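Have a look at the structure below, then the notes.
The values are calculated or read from the model by the stated rules, or taken from the named source; none is laboratory data. Predicted model only: the values in this text are computed from it and were never measured. With ideal geometry, Cβ positions are generated from the backbone for all residues, glycine too; neighbour counts draw on all protein chains shown.
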Amino acid sequence: MKAIVSLPLALSFMLVASFSNAAPGKVYKWTDEKGLVHYSQRPPLGTQTEVVKPDISHSEPVSYQAPGDDKAKDGKKVEKKADDEKSALKDPERCDSARKNLDTLKTYARIKIKGDDGEYRFLTPDEQTQKTAEATKAIEESCD
């Protein structure tokens, strides 16, 4: 009877113990005598280390400026033929990026971005609406 009770107790203890290592902790960075850079959760003895904060957030926001949006020296847009402009705006990389961003904006309720001060913050509903419109415009311009 004791074996039946202690088995679930032992399994639950092991499960709890395994979760303690899942949370991101400190990461140490150091360079060895050969010049190789190493990263570890434990610093080596007798070596100068640097604590690195891992970036586990979303990627940087994408700029939706069209590749054909050249500006003249006086600040006015340079006039181009419509056919040349349309073909110049077709950019597969920009198209894929805009589609992924639009999908993210529609899928998740809260989007975290890096602010001008370097701190992360959540987009307001108005900012999400604006970013959705920008992504839609970029898709219309860049995708076939």
If you scan the range 90-133, which residues turn out to be more than 23 Å from Asp144 (Cβ to Cβ) and surrounded by fewer than 11 Cβ atoms within 10 Å (Cβ to Cβ)? Thr107, Ala109, Arg110, Gly115, Asp116, Asp117, Gly118, Glu119, Thr124, Pro125, Asp126
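Assess whether Ser20 counts as being modelled with pLDDT under 70, surrounded by fewer than 10 Cβ atoms within 10 Å (Cβ to Cβ) and outside the structural domain of Thr132 (by TED's automatic domain parsing). It would help to see each step written out before you state the result.
Working: modelled with pLDDT under 70: yes; surrounded by fewer than 10 Cβ atoms within 10 Å (Cβ to Cβ): yes; outside the structural domain of Thr132 (by TED's automatic domain parsing): yes.
When the stated conditions are applied, Ser20 passes them.
Of these, Ser57, Ser142, which one is surrounded by 10 or more Cβ atoms within 10 Å (Cβ to Cβ) and modelled with pLDDT of 75 or more?
Numbers: Ser57 fails: modelled with pLDDT of 75 or more.
Going through Ser57, Ser142 in turn, just one is surrounded by 10 or more Cβ atoms within 10 Å (Cβ to Cβ) and modelled with pLDDT of 75 or more: Ser142.
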In the range 90-144, what residues are within 27 Å of Lys53 (Cα to Cα), part of a helix (DSSP H, G or I) and in contact (Cβ under 8 Å) with a residue 60 or more places away in the chain? none
